[in-house]
1. From the residues A:L119, B:T165, A:G105, which one has its Cα farthest along the dipole of the protein assembly as shown in the positive direction, the dipole being from +1 and -1 charges on Cβ of Lys/Arg and Asp/Glu about the Cα centre?
2. For chain B, modelled as a GNM with alpha-carbon contacts under 10 angstrom, which of B:I143, B:I152, B:I274 fluctuates the most?
3. Can you give the accessible area of B:M211, probe radius 1.4 Å, in Å² rounded to 10?
4. Which of A:I213, A:I186, A:I18 moves most in a GNM of chain A, Cα contacts under 10 Å?
5. Nothing charged except the Cβ atoms of Lys and Arg (+1) and of Asp and Glu (-1): what's the magnitude of the dipole of the protein assembly as shown about its Cα centre? Round to the nearest 20 debye.
6. Cα centroid distance between segment B:210-289 and segment B:1-25, in Å?
7. Please average, across the residues of A:86-98, the number of beta carbons from any other chain that are within 10 Å of each residue's own beta carbon, and give a whole number.
8. Summed for both chains, how many Å² of accessible area, to the nearest 100, are buried between A and B with a 1.4 Å probe?
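The values are calculated or read from the model by the stated rules, or taken from the named source; none is laboratory data. None of the values given here were measured: they were computed from a predicted structure. Cβ: placed from backbone, ideal geometry, glycine included. Neighbour counts: every protein chain shown. Remember, those area values only see protein heavy atoms, side chains included, never the ligands or the DNA or RNA. Shrake-Rupley method; radii C 1.70, N 1.55, O 1.52, S 1.80 Å.
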Amino acid sequence: MSGIIELRNISKHFGSVIGIDHVDLSVEDGEFLTLLGPSGCGKSTLLRMIGGFEEPTTGSIFLSGQDVTDLPPQKRDVNMMFQDYALFPHMTVGQNIAYGLKMKGVGKADALQKAKAALELVGLPDKIDQMPHQMSGGQRQRIALARAIVREPKVLLLDEPLSALDANLREQMQVELKHIHDKLGITFIMVTHDQREALVMSDRVIVMERGRIAQDGSPQDLYEHPKTTYVANFIGTTNFMPARITARNGIETHLEIAGQSLLARYDRVPDTENIQIGIRPEKAHILDAESTTKSNVLVGRVAEHIYHGSSLRTTIKLTDGIEFHIDAMLPLGMARADVSGIGAEVRIGIEPENVFLFEREG
Amino acid sequence: MMSQAFFARHAGKLVLGIPILWIILFMLVPYGVLLTYSFWLKKYPLFVPAFQFGNYWTLLSDPQYIKVLLRTLKIAALVSAASLLLAYPFAYYLVFRLKNTTMRLILFMAVIAPLWISYLLRAYVWKTILGTEGILNSFLMSIGMIDEPSGIFLYNQFAMVLTLTYIFIPFMVMPIYTALEKIPPSFSEASADLGMSDFQTFLKVTLPLSMPGVVAGFTMTFCLSFGDFIAPFLVGGPDGQMVANVMASQFGSALNWPLGSALAVVMLIIVLSIISLSDWFEQSGKVEL
């Protein structure tokens with residue numbers, strides 16, 4: 001038993017619906033773990049089970065070696081930050097934060113001190129006597145965080161903590177939450193449906209799909225080595241194309257795509273001949289007209305340019321009507337006139353390492 | 001002849017005019033008449049216009065009026081308390097414990113449905129239950145607890161409190177149910193997460209947040225019971241008279257309209273004070289959910 005949280009063979013059935021399907025998971029002490037997936041994938045249920053708000057149908061939950069499966073939330077040394085923050089509207093900010101300290105046997109003066117320290121940590125030192133409804137959304141979020149960490153739990157659970165904030169504030173809070181995590185050194189388990197949030201904040205991301213773990217890895221790992229089209233699709237953008245394996249040579253795989261050939265060097269090679277490949281739009285580039293390289297290029301015609309500010313997305317039509325998107329950063333001073341005209345034939349250069357190979361689904 | 005343009009321009013005034021006229025004619029004028037009468041003198045067989053406080057003085061100095069007033073306040077308080085003690089756990093159960101939403105709706109409607117039945121009938125039902133020939137007596141006799149019909153159930157204050165509680169309890173359940181339903185489920189989860197037991201959570205979170213519903217329910221049941229006339233009449237018996245009954249007799253058999261009017265004014269003042277008090281209470285304790 002190594003992890004601070006161990007989930008063993010957890011399943012959860014809601015009537016005939018299976019919410020969680022045989023999940024095993026070990027969470028390391030001090031890590032920032034994110035459960036990522038679309039709504040209904042079971043990520044919130046899993047988090048709520050760790051918090052004690054849902055009981056698993058089968059399986060056990062261990063918190064630092066102790067079986068807590070049947071313990072109520074009160075008896076678990078974890079705290080949750082709720083999606084709607086759940087701040088008690090009839091109590092001041094200070095009373096909200098000190099609320100959970102009484103049951104820990106913390107004295108009044110001590111509780112006040114701790115509440116102040118927690119507010120300091122989240123950057124709201126002067127709000128202790130205000131009421132929650134006087135606070136902005138971002139401030140409420142911080143207060144909810146302070147209330148959850150003031151009890152010094154072993155694990156902090158965060159249920160979509162940033163979903164109620166507007167885009168600017170969210171980006172700022174992502175970094176700030178990460179800093180608070182580093183400062184406290186306790187384990188954070190967050191649930192989100194926002195892949196960017198997951199990539200920015202986490203040490204490790206668990207991508208969930210219909211009650212199961214689709215992939216478990218570091219943000220880089222998930223981005224650079226997705227196991228399935230589901231993961232590649234959920235994290236970042238990917239050009240998917242059907243392909244056929246023409247030759248295998250260890251991890252070097254020769255492919256045929258829409259009549260063109262391509263080499264891939266990917267650590268997971270499906271057994272079937274007909275597969276699906278994926279290429280990130282920013283991991284391919286349009287070759288200069290002067291370039292003479294013949295290896296690993298796909299040829300197509302420019303169909304459209306879309307201006308994204310810092311980058312330009314070019315849609316290229318391969319034969320067979322397959323659309324291929326390329327994102328190119330726009331360097332300083334580059335005008336839109338410099339890019340290839342619509343209808344021009346271009347060659348797309350692709351490194352073999354940047355071709356994902358997937359099994360073809362249904 | 002009035003043109004269409006005239007109607008178009010003055011439609012708003014006409015629409016508003018009728019209810020305003022109604023209120024003036026059937027509410028403000030009677031209040032004025034009542035207030036005026038309360039200062040008049042009774043000179044048998046007539047009432048003489050005057051401006052004096054003799055009627056109010058009678059109400060304050062004659063112990064029988066004070067006694068009735070206190071009794072009425074007591075009955076109203078008992079009815080409100082009994083309704084609260086029954087309605088709160090029921091509403092709490094419906095909102096927080098009952099998972100089946102169909103069942104919740106059915107039980108809630110079961111409380112509300114009697115409001116569609118005549119008030120008189122609902123009060124009369126208790127006469128049938130509690131009377132010497134009533135269901136309660138025949139039941140107790142059939143199980144052998146008593147040998148002959150007992151008269152102790154009917155025509156006393158207990159019967160009044162019982163009947164009025166039965167009649168007015170929906171007015172307690174509705175606001176409490178609404179107040180509890182507004183409390184997000186995450187609040188009790190957060191409280192449990194922070195180490196509080198279910199009972200502590202109830203005391204510190206659920207109860208304070210449902211107070212507006214409790215106050216509203218208490219105000220309604222109290223004021224409705226306070227002015228009740230039927231229950232004392234049907235199940236109250238000789239010492240069960242309430243203010244409304246005394247007032248009615250002043251306008252009827254006693255033929256003392258000035259005194260009756262003064263009593264009505266006092267009643268009005270009491271009820272209005274309670275309503276303002278509850279309003280103030282609700283405003284001061286108001287929190288945004």
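1. Selected residue: B:T165.
2. B:I143
3. The value for B:M211 is about 70 Å².
4. Fluctuation is largest for A:I18.
5. Result for the protein assembly as shown is approximately 2580 debye, rounded to the nearest 20.
6. 35
7. Averaged over the peptide's residues, the number is 4.
8. On the way: alone 17520 and 17350 Å², together 32920 Å².
The buried area between A and B, both sides summed, comes to about 2000 Å².
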